[in-house]
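The values are calculated or read from the model by the stated rules, or taken from the named source; none is laboratory data. Keep in mind that this is a model prediction, so the values were computed, not measured. For neighbour counting, all protein chains shown are included, and Cβ atoms are generated from backbone atoms with ideal geometry for every residue, glycine included. Only protein heavy atoms, including side chains, enter the accessible area calculation; ligands, DNA and RNA are left aside. Shrake-Rupley method; radii C 1.70, N 1.55, O 1.52, S 1.80 Å.
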Amino acid sequence: MTNTHPMDRQAVYDDYERVRQTFHRLLDTASEAALARATDGTRWSNEQLLWHMLFGYMVTVRLLFLVRFFGRLPAGVGKGFARALDAATALFDLVNHLGPCGAVKVYGRRRMDAAFDRLIDSLLRKLAAESEAALARGMHYPMRWDPFFKDFMTLADIYRYPTQHFDFHHAQLTLDGAR
């Protein structure tokens, strides 16, 4: 399935650079006490939420693969897959919550910083190589998994997704100067 909305690649490039700089600033300036502080509106600490924000970009790499695969299949196949994922929302929510709790024990600031740069660079390279036809291809998504998932999303939508996710959670951080 495809959609024919042109994509403003430069806006995506600019957003990725903005969030890269913001993420580095947040990690570089946060004290250990600030990282351990509870966030506003989540059950995570600031450090866990920062990792979750990074994870949004990790997930995007996998979502790109899914769009490329399901976007070439009949719409009913993708819709069925999205329904199956929606049915597993309770399990997804549990893993989504516990993941950052454990990941921060392994990652730490430096690894999060470096991983963020690698992901942004990778996504920028992938976006630069996409054809307009590929960017217009899309699939159905599990709308219960994330407030930014729509029933049908194009590859262009997926490239915009992690920044929407990042900005939403950035407002929940309680780090000094986070907002």
- Would you calculate a helix-derived [θ] at 222 nm for the chain, using -39,500 (n - 2.57) for each DSSP H run of n ≥ 4 and dividing by the full residue count, to the nearest 500? -23000 deg cm²/dmol
- Item | Distance (nanometres) between label positions extended 7 Å along Cα→Cβ at L94 and Y13 | 4.5
- What distance in nm separates the simple spin-label points at K105 and A171, each placed 7 Å from Cα in the Cβ direction? 3.3
- Query: region 1-63 to region 79-95: how many Å between their Cα centroids?
  - Reply: 23
- When only C-alpha pairs under 8 Å and at least 6 residues apart count, what is the relative contact order of the chain, in percent? 39
- Task: Let me know the shape class of region 1-104, please: from the alpha-carbon gyration tensor, a ≥ b ≥ c as square roots of the eigenvalues, rounded when a/c is under 1.5, otherwise prolate if a/b is greater than b/c, or oblate.
- Result: oblate
- Query: What's the carbon and sulfur percent of the chain's accessible surface, probe 1.4 angstrom, rounded to a whole number?
  - Reply: 59
- Item | Rounded accessible area per residue of the chain, 1.4 Å, Å² | 51
- Message: Cut-off under 26 Å on the C-alpha distance; same-chain residues fewer than 8 positions from K79 excluded. Which lysines are left, in chain and number order?
- Response: K126, K150
- Note on the structure: region 122-172, convex hull of Cα, quarter of hull surface, nm² -> 4.0
- Note on the structure: Over the chain, the quotient of the Cα radius of gyration and 2.2 N^0.38 Å is 1.06
- Task: Provide the FRET efficiency to the nearest 0.05 for the T29-A134 pair, computing r from the beta carbons and using R0 = 35 Å.
- Result: 0.35
- Task: Quote the FRET efficiency, to the nearest 0.05, computed for V77 versus T42 with a Förster distance R0 of 25 Å and r equal to the Cβ-Cβ distance.
- Result: 0.15
- Query: Using heavy-atom solvent-accessible surface (probe 1.4 Å) with all chains present, what is the largest-first order of K150, K79, K105?
  - Reply: K105, K150, K79
- Message: Viscosity 0.692 mPa s, temperature 37 °C: give me the Stokes-Einstein translational D for region 84-177 in µm²/s, with Rh taken as the Kirkwood radius over C-alpha pairs.
- Response: 210
